[in-house]
Each structure stands twice: as C-alpha cells, then as structure tokens.
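Have a look at the structure below before the remarks.
The values are calculated or read from the model by the stated rules, or taken from the named source; none is laboratory data. No experiment lies behind these values; they were computed from the predicted model shown. Heads up, the Cβs are rebuilt from the backbone with ideal geometry, glycines too, and the neighbour counts pull from every protein chain shown.
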Amino acid sequence: MAKRRPSGDGMVRKREDGRWEGRIVVGHKENGDSIFRYVYADTQKELTTKLRQNIDAYQGVDLTEESRMTLSEWLDRWLEQMSLTLRPDTLKRYRGDIGRHVKPRLGRKKLTQLTAEDLRDLYRELQDRGRIAPRPGQSLGLSPTTVHGIHAVLHQALQAAADQGLMPNNPAKHVKPPKVPHKAMNILTEEQLEVFLAATDRDPIWRDFFYTELTTGLRLGEICGLMWSDFDGQKGTLSISRTLRKEKGGRLVAGDTKTYAGTRTILLPTSTAERLRLRKKTSYSPWIFHDPLRPEAPLNPGTAYRQLKKVLQETGLPELRFHDLRHTFATHALASGVDAKTLSGILGHTKASFTLDTYTHTTGDMQKRASEIVGGFLTDYLGEEMAPWQNAENTATAVSA
C-alpha cells in the first residue's frame, strides 16, 4: 500500500496543450489511496491562486469515497436517516419539496461541486417560476415562505453531509434565503382579556379550557392532548409530552411534541392548578379536556378553534387565531416581569433567543417602562436636574426641531 498522503498535499504540471493543471489531496479511500481534486488554468500564476483557494476550502477536511455521490443520492439517504426522528407528515413534506423542486434542478450535481451560487440560483428560479401547476391567475413562483422552508431543509441535509465527511463545508451557510413577511401579531389587551375570560367563565364546558390556555400558552395540539396522568395535583405541575394532530381522513393522532424542548413540565399558576384539581374530581375521562359528546375521546382541535371564533363574535372582540392566545399569554408574561429564559421553558421554545426575537415588541415596551420607572426614581431622589435620559431626550428634540 502506498504511503498515505496528507490532505492538502498536491502537485502542479504543464499539460501538452499549454494549460496548467494542479491537484490536491482532499480525502482518502478505505484502502488509503488518495482522493484528488483537480484544478485547471491558462497560466501558472492563475493556477497557483486557484490552488491556494482550494487548499483553504479543504483545510482540515478528509473526504471519503462517498463524497462522489450526487445531491439526489445523498438527499435520499438523508431522508432515510431522518425517517426515524421526523414526524410522518414532516417527512412527507420534506420528500415533496425535495422531489418537486430540488432534485429536478440540482439533483445530478455532485456534492463536492455544489456551491452557494447554485443555491441562490435555485431560490431565484423557484420564486420566479417554481410552481408546478399554477391555477388560472395564480403566481408562477413559489412564496418566500415556501422557498425559505426549502432552504431550511437543504441546510439540514447539507450540514449532515459535511459532518459525515462527504463535502468540505455546507454551502447553505453562505446563502440568505428569501425574507418571510411576518403577519402582525394579534393579542388581547388587559381590558379585552377580562371580557374574553368573563364570557368563557359562564360556559361550564369551556371555562377551564380557555383559562388554562391563557395561563400556560400551550399550543392547540398540546392542550387538546393533555391527559390526567400529565397533571400532578400535589405539586401543581403539568407535563407536556404529546400533541394531537389530524391526519388525512380526519382521524386524530397523538404524537410527539413539536421539538425536543416541547417535552416539558411546567409549574402552573395557583388558580389554574386549583381549577384542574376541582375538574378532576368530577371527570370520568382520561383526557383533561375531552370531546363534549364523547368523554372517552380527546377534544378535537378544530372544535376548540370554532369555539374561539364563536366567543370572539359574541363579545365583539377582534379576530384572532388560536395561536394568538399563546401570544397573548407570552406578551403579558414578559410585561409582568417573567424573564425570557423562564418563559422559553414554559412555551417549549428551543432557545430563549427565539422567545426574545418573537416578542421584541413586548421587550421594547418593557425597556421603555423600565426607563420611566428608573427615571422617576432618580428625579424623586436626586431632583429634576439629575434625570439624565429625560434631559438628553429633551435636548435632542429641541436640536432636531
């Protein structure tokens, strides 16, 4: 067996046609033989520059023979690996996006030849004319949200390929996906919240359901999937370990929570824990919130959504999605002084930074309120001339005017 050559080792030669050729070692086969990457240029100086760029790109990388597989081959393998951890509906969506939009355009390209520019071109094309069978009057391109989702899938898949030594790096890291237009977040104000809770409190079927939702911020599938085995009456805690979702045909299925952080145990407010303790005494169902007509079955998320719409209409409150009740809880929790890390755990977010990003409008209001409180304290304690922020603000306003 030949001596194993280190990655980055290479050679340069002038070809018979006058062009220059260079190669570097980028990996090794199972028998130890080198895997080369070839570079060509018209001049030796140009070749030297290209080689230096490639050596930098493959620094610390040791590819395997499988790095020669195409993107299509890798995506098939990756999806097979992910089938053990992804929800069936998520896996189906991934397969659909990859099969319809990625493979036809980039599937034949080798992993090691895939570039960030290839991905940028893909996203541009999908936004311009990516829709497979547009209806009359419908846009030919895919929405930024859909393209953003395709980017997220590719980012995961290519990162896994890089981690397994199949490509030198993840080109998706260097690509910005289309910006997704965010819908305005609707929440109930304190006054509206009082109206809403007063209306639901008059309904014995729904009073505990909506009160629990507004004091925990659970996702719709999570609150509908709660069982009495999840409730610890002595400790006043609730374990969230499943979510209800509807499959094709309308069948309800209990599955895992949205993320690993979604499986969590939260400490309930005293009032919520007391409501659930009283509810348990008269319950004959394994589900905390069961189907009103069939106690043996869980509450259908669609039924809860329709009840929300009914309450909003009857009370004259603004239109809300069910998820906006979750936003309402989170917003009021932050405004009341709950720190982002604690709230992140209650909501089941993977990172506290996501919680802060989602509720930036709330933290901005909190900062303003905090500055007013501290400014007022300084004024009371040290006098008007020692309120630095207010004085600076007034000065800036006068100058700009």
Scan region 132-140 and give yes if some residue there is in contact with a helix residue (DSSP H, G or I) (Cβ under 9 Å, 6 or more places away or on another chain), surrounded by fewer than 19 Cβ atoms within 10 Å (Cβ to Cβ) and either within 26 Å of His28 (Cα to Cα) or not aromatic (Phe, Trp, Tyr) (or both), otherwise no.
-> yes
In the set Arg306, Arg279, the lone residue that is in contact with an Asp or Glu (Cβ under 6 Å, 6 or more places away or on another chain) and modelled with pLDDT of 95 or more is Arg279
Cβ-Cβ below 8 Å, separation at least six or inter-chain, first residue in region 297-309 and part of a helix (DSSP H, G or I), second β-branched (Val, Ile, Thr) and surrounded by 19 or more Cβ atoms within 10 Å (Cβ to Cβ): which pairs?
-> Ala304/Ile223
Can you tell me which residues in region 90-114 are part of a loop (DSSP other than H, G, I, E, B) and surrounded by 14 or more Cβ atoms within 10 Å (Cβ to Cβ)?
-> Gly107, Lys109, Leu114
Phe210: passes all of (1) under 24 Å from His349 (Cα atoms); (2) at pLDDT 95 or above; (3) in contact with a Lys or Arg (Cβ under 9 Å, 6 or more places away or on another chain) but (3)
Could we say that Ala340 is under 22 Å from the mean Cα position of the chain (by Cα) and small (Gly, Ala, Ser) here?
-> yes
